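We did not get these values from a lab; they are worked out from the coordinates using the rules stated. What you are looking at is a predicted structure, and each value in this text was computed from that prediction instead of being measured. Backbone-built Cβ (ideal geometry, glycine too); neighbour counts: all protein chains shown.
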Amino acid sequence: MGELEPEVVSLLRKYALQNALEYDGQGQVGSVMGRVMGENPDLRSRAQELTGFIASQVAEANALATEKGLDHIRSILEDESPDALEKKVKERREGLPPLPNAESGNVVLRFAPNPNGPLSLGHARGVVINAELARMYDGEVILRFDDTDSVVKRPDPEAYALIEEDFTWLAGRAPDRILRASDRMEVYLDYAAKTLSENHAYVCQCSSDAFKEFRISKTECPCRNRAVEDNIHMWGQMNDGTIQPGGAVVRIKTDMTLPNPALRDWPALRIQHADHPLVGDRYKVWPLLDFQSAVEDHLQGVTHIVRGKDLMDSTRKQTLLYEKFGWTYPETMYWGRVKVHEFGGFSTSQMKKDIQAGQYTGWDDPRLPTLRALRRRGYDAGAMRKFWIDLGLTQKDISVPMSTLNSLNAKAVDAEAPRLSFVSNPRTIELDITEIQMDKVTLPIHPEHPDKGVREWPLEDSPLKVKIAFEDFTSREARRLKDFADIAINHKKEVSRGWVGQIINIERHGNTPIIHWLPSNMAQPAVLLLEEEGELVVAEGLLEINDYPDGTVVQLERMGFAILEGIDENGARLLVRLHG
């Protein structure tokens, strides 16, 4: 390392002293490094160069604190850098943190799902974070299907198109590139042969239990020192079917004494004779994800990887492989686990089994946490993007309720959602309107946006047949039909198929409870699907006649948001409720 500029030396010394003071003489290099890079973006490209000097300054500051006390540290800062003693109010960061060593226009990220089903809420974070970072840096995001496992997570041929559609809807943009790992098998097999020929890997015939013992004891297995020529020969036998599944794997040579057991001679390729849905039985040897992903990230020029912290070992394995090939590993950032209260744990494989068993109606069943189900329930892609961006990239494991997303979604859809009346389990009331000087009731399409216009309900000849919900009918008190009149119901006087009611006032007086309603000539049969505590509940009733297209999110009076979905086999309008 060359000699640092005096101003940089002064800056790093200040941060080291400040950190020692804040943490009672126990300053940390990582904490100082994070503050230096966070507050001085121009130094990020020099991170490797500065690490050693920062470490020496932290050690010196901690030693001073131990020998002479924190007051001595404080006095130094008062003389040299008084600004470091000012208590700064931490501003809430809007959006995602900057990517390390990123250049606008030269950032490539990737989202790599297994196509065994459409995307779920758990996948949404990867879609949103990678797409948003690509947008921030005018970069690219690759949609890569990691479909090289035909046994445990067998690809679903229909999932590819579903995932691409889900990605585009949620990200608000199509992926810049789309790759299928199964289309690139020749590439992976060529690189596997290269690792063997250059003695970076070997064919191992030890059983998994036997190799586990070698790994635990930090000793090399007997296969490790086999000659390169023999490894190449056995590699051919793996590929021509001579060696059967379970008979051999290709392992990357690392160091059997590495502190982390997962990194010791990790497996890169295994034999699978299972038929692949897209390429059939063309290949008998398939790469494991750490090998396939490492090779593909390099070939596609991926600059940054954002992944869950549970994949830190994958980063370490792949870095060891990159070192053998002389490649530079992408910058890597991690996030912690996010648990959504209402869904807990879920897996695509289990959801598929439950759908096949008839427990759910399909991938868009409103009870499922798939993006298709959430989209069917009227969730807004922009609200979901904000949800994940607001959670950020913290490595802390967090637990959040759906109410957080629901609140964001309500704000997103409210301004555009027209109001409609839905009457469940309806009862008919007949009202004498001969003395009423009204021929229609006028209601706003949206009470807060008068520019959207009004809805008009013509009042038919007297007696006017009015539909109200059963829960409102059972009350013995006066009720006000919203935007119309106060009425009382005579529960003892039934006529034809309804009951007699009486208009008390047109103008509202006092605190008469308001109820929603429909005149018979404005009501159409409707079915509302509701998800309640994991059960799918069907509410039959009447919906205000409208000409909104399917897919329109509406707000049902007193019931919340719902999305219009079409007509069922009985001619009833279908709706799916979003949330409260």
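Report, in deg cm²/dmol and to the nearest 500, the calculated mean residue ellipticity at 222 nm for the chain, where each DSSP H run with n ≥ 4 adds -39500 (n - 2.57) and the sum is divided by the residue count.
Values: 16 runs with 194 residues, N = 580.
Only helices count here, giving -10500 deg cm²/dmol.
With both partners inside the chain, how many of the DSSP beta bridges are antiparallel, as a percent to the nearest 5? Of all bridge pairs located within the chain, approximately 70 percent are antiparallel. If you take the alpha carbon atoms of the range 183-334 and fit the smallest convex hull around them, that volume is 119 Å³ per residue. Pairs with C-alpha atoms separated by more than 27 Å, drawn from the list LYS253/LYS396; LYS68/LYS396; LYS153/LYS284; LYS194/LYS284; LYS309/LYS386; LYS14/LYS309, are LYS253/LYS396; LYS68/LYS396; LYS14/LYS309.
Separation of the range 8-54 and the range 306-360, taken as the distance between their Cα centroids, equals 32 angstrom. Dipole magnitude for the chain: about 1020 debye, using +1 per Lys or Arg Cβ and -1 per Asp or Glu Cβ, origin at the Cα centre.
Whole-percent P(r), the range 6-85, all Cα pairs, 10 Å bins from 0: 20, 56, 22, 2.
Separation of the range 91-131 and the range 398-433, taken as the distance between their Cα centroids, equals 32 angstrom. Less than 5 angstrom separates the built amide H of ALA268 from those of VAL250, ARG251, ILE252, all sequence-distant by 5 or more or on a different chain. Here the Karplus curve 6.51 cos²θ - 1.76 cosθ + 1.60, taken at θ = phi - 60°, turns the phi angles of the range 17-25 into couplings of 5, 4, 5, 5, 5, 5, 10, 6, x Hz, with x standing for Gly and Pro. Extension gain, LYS396 to LYS492: 0.36 nm times the residue separation minus the Cα-Cα distance gives 28.2 nm.
Couplings for the range 536-549, taken from phi via the Karplus curve 6.51 cos²θ - 1.76 cosθ + 1.60 with θ = phi - 60°, read 9, 9, 10, 10, 8, x, 10, 10, 4, 4, 8, 10, 6, x Hz in order; Gly and Pro are left as x. Helix 70-80 and the longest principal axis of the Cα set of the chain meet at an angle near 90°. Computing Rg and the Kirkwood Rh from the Cα coordinates of the range 419-577 gives a ratio, Rg/Rh, of 0.97. What angle do you read, to the nearest 10 degrees and between 0 and 90, between the alpha-carbon axis of helix 208-217 and the longest principal axis of the chain? The helix 208-217 is inclined about 60 degrees to the chain.
Could you tell me the calculated FRET efficiency between ILE216 and GLN28, based on Cβ-Cβ distance and R0 = 25 angstrom, to the nearest 0.05?
Details: r = 32 Å, r/R0 = 1.30.
The computed FRET efficiency comes out at 0.15.
Between ILE232 and ARG282, the FRET efficiency estimated from the beta carbon spacing at R0 = 30 angstrom works out to 0.90. In this structure, the amide hydrogen of LEU179, modeled 1.01 Å from its nitrogen in the peptide plane, lies closer than 5 angstrom to those of LEU143, ARG144, PHE145, counting only residues at least 5 positions away or on a different chain.
Computed extension gain for GLN244 through THR51, at 0.36 nm per residue and net of the alpha carbon distance, reaches 64.5 nm.
Across the range 187-198, rounded Karplus estimates of 3J(HN,Hα) from the backbone phi angles (6.51 cos²θ - 1.76 cosθ + 1.60, θ = phi - 60°) give 4, 5, 5, 5, 6, 5, 4, 5, 4, 6, 5, 9 Hz, Gly and Pro being marked x. Treating r as the C-beta distance of MET136 and THR434 and R0 as 56 Å, the FRET efficiency rounds to 0.25. Oblate is the label for the chain, because a/c, from the alpha-carbon gyration tensor with a ≥ b ≥ c as root eigenvalues, is 1.5 or above and a/b does not exceed b/c.
Quick one: length gained pulling ASP176 to LEU70 fully straight, 0.36 nm per residue minus the C-alpha distance? Write out the running numbers ahead of the final one.
Details: separation 106, 0.36 × 106 = 38.16 nm, distance 5.35 nm.
Additional length available on full extension: 32.8 nm.
Listed from fewest to most Cβ neighbours within 10 Å, the set ARG215, ARG74 follows the order ARG74, ARG215.
Separation of the range 221-282 from the range 155-171 is 32 Å, based on Cα centroids. Residues whose amide H falls under 5 Å from that of ILE567, counting only those 5 or more places apart or on a different chain, are LEU574, with hydrogens built in the peptide plane. When the range 419-577 is described by a simple charge dipole with +1 on each Lys and Arg Cβ and -1 on each Asp and Glu Cβ, the residue from LEU529, ILE468, LEU574 located farthest towards its positive end is ILE468.
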